[in-house]
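Structure first, then comments.
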Amino acid sequence: MSALLNKRAVAWAFYDWANSAYATIVMTAFFPIIFGTYWYTQENTTPPLGFANAVAGLVIVILAPVLGAVADRGGLKKHFLLAFLCVGATSVIALTFIGQDNWLLALTIYVLSFIGFAGANVFYDAMLVDVSSREKLDMTSALGYAFGYIGGGLALLVCVIYASPEKFGIAKTTPLSDLTYVFLFAGVWWIIFAAPMFLSVKETHVNKSLPIGVAIKQGFQQLAHTFREIRRLKVIVTFLLAYWFYIDGVDTIILMAGDYGRNIGFARGDLIMAFLVTQFVAFPAAIIYGKIGEKIGAKSAILIAIVIYIGITIYGSMMTQPRDFYILAIIVGLVMGGIQSLSRSLYARLIPANRSAEFFGFYNMLGKFAAILGPLLMGLTSYFTGSPRWAILSVIIFFVIGGILLSRVNVNEGISMAHSLEKTN
């Protein structure tokens with residue numbers, strides 16, 4: 001319980017509350033739907049959305065490790081987090097004012113917002129070690145995701161009431177052109193609730209604060225050193241490869257679920273309500289999964305979630321009724337927070353705390369590189385088969401490979417190596 005009572009941990013977790021409005025309103029629920037009905041009116045929206053997510057992921061792949069190393073050397077994690085937040089929040093607000101059929105501009109602004117969101121997460125994740133002891137990493141990480149799900153769920157609920165008031169007994173029809181105001185709401189929410197993080201959390205694991213020019217130089221040197229010592233980091237490398245594959249499946253389902261549901265004929269209202277169900281199920285589930293991780297170990301709990309995700313993918317490919325989408329939403333909510341939060345906390349145990357931004361740069365780099373491969377695979381599969389069902393089924397390969405690799409990670413050896421690296425840097 002100490003993690004729940006730690007004021008710094010709570011302030012840190014509130015950033016998850018803040019940025020989850022983007023994840024739920026923009027990425028998952030409204031952007032795919034509005035894109036396919038207002039900006040891009042051709043029948044199959046999976047290829048352009050898949051390729052846009054891939055481009056955004058590629059930018060993070062390039063930037064994350066470099067900026068992470070620079071942030072460690074200069075004590076700049078909060079500065080970089082703020083910079084990416086500004087890019088993301090202003091971009092998503094800009095989506096509000098893009099006119100009908102202007103799909104290329106909408107897609108470009110969306111890519112910028114995604115880069116801001118993902119880039120900020122590199123430094124937010126890296127600050128986990130600044131607010132938690134190693135013993136409480138599982139619960140602190142779970143607290144962040146729990147805050148994210150309830151905050152993102154509440155923000156989404158406001159937008160659902162605005163977008164589909166008739167479902168709540170309100171006799172009003174929201175014009176399609178007015179739905180873009182949900183993006184303005186998401187951006188403002190993100191900015192307001194990020195404030196506690198910047199006011200209350202300080203970087204504690206800093207080698208030495210350096211001028212920006214020196215930090216950039218030493219950051220590149222540190223990155224080069226990390227690549228040279230990669231053979232010593234066998235456990236970290238194995239975990240990152242496993243994470244790369246299984247989180248590819250998780251992120252792809254999150255990113256492409258709305259587009260998939262629309263392409264197999266589900267109504268806009270059913271899709272959005274299903275996403276809302278996922279958020280509120282995931283809130284308590286993230287906390288419970290954090291406790292499970294403490295009891296049986298984060299690695300074992302993640303492997304269980306991977307098996308469940310394989311079942312989710314198979315079930316998803318066979319959906320025919322809106323009821324199926326709601327069932328799937330509940331099952332996803334039960335494991336989504338767990339697999340994400342325990343992956344973050346397990347990785348935090350395996351890395352040196354004084355190089356957290358650099359190593360979380362690699363972590364997020366592979367997470368976003370996964371965001372390239374998954375949507376790209378779905379886009380190509382849909383294009384060549386003409387079937388969105390085959391597209392979603394193709395994601396199974398990532399869970400299978402990720403589970404096999406994760407089973408080979410020696411956690412105790414990794415923790416020992418992390419302590420050793422802290423003493424030598």
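Within the option set 67, 82, 49, being in contact (Cβ under 8 Å) with a residue 60 or more places away in the chain and surrounded by fewer than 23 Cβ atoms within 10 Å (Cβ to Cβ) holds for one residue only, 82. Residue 108 - would you say it is within 20 Å of residue 49 (Cα to Cα) and of a type in the set (Ser, Thr, Tyr)? Answer is yes for this residue. On inspection, residue 56 fails the criterion of being touching a Ser or Thr at 6+ places or on another chain (Cβ under 9 Å), assigned to a helix (DSSP H, G or I), open to solvent by less than 10 Å² (accessible area, probe 1.4 Å) and at pLDDT 85 or above. Taken over segment 135-155, the residue count meeting the criterion of being touching a residue at least 24 places away in the same chain (Cβ under 8 Å), among the hydrophobic types (A, V, I, L, M, F, W, C) and farther than 13 Å from residue 284 by Cβ is 3. Cβ-Cβ distances below 8 Å connect the following pairs, each with a first residue in segment 311-322 that is in contact (Cβ under 8 Å) with a residue 60 or more places away in the chain, a second residue that is among the charged types (D, E, K, R) and part of a helix (DSSP H, G or I), and a separation of six or more residues or different chains: 317/389; 318/324; 318/389. If you go through segment 65-113 and pick out every residue that is polar (S, T, N, Q) and under 22 Å from the mean Cα position of the chain (by Cα), you end up with 4. For segment 374-408, taking the residues that are touching a helix residue (DSSP H, G or I) at 6+ places or on another chain (Cβ under 6 Å), open to solvent by 10 Å² or more (accessible area, probe 1.4 Å) and among the hydroxyl-bearing types (Ser, Thr, Tyr), the one that is modelled with the highest pLDDT is identified as 394. Within segment 326-334, is even one residue under 21 Å from residue 390 (Cβ atoms), in a helix (DSSP H, G or I), in contact (Cβ under 8 Å) with a residue 24 or more places away in the chain and open to solvent by less than 50 Å² (accessible area, probe 1.4 Å)? Checked segment 326-334: at least one residue is under 21 Å from residue 390 (Cβ atoms), in a helix (DSSP H, G or I), in contact (Cβ under 8 Å) with a residue 24 or more places away in the chain and open to solvent by less than 50 Å² (accessible area, probe 1.4 Å).
When every residue of segment 204-226 is checked against the conditions, none turns out to be at pLDDT below 70 and closer than 30 Å to residue 315 by Cα.
The values are calculated or read from the model by the stated rules, or taken from the named source; none is laboratory data. In this text, all values refer to a predicted model and were calculated from it rather than measured experimentally. With ideal geometry, Cβ positions are generated from the backbone for all residues, glycine too; neighbour counts draw on all protein chains shown. Just the protein is used for accessible areas: all its heavy atoms, side chains included, with ligands, DNA and RNA removed. Shrake-Rupley method; radii C 1.70, N 1.55, O 1.52, S 1.80 Å.
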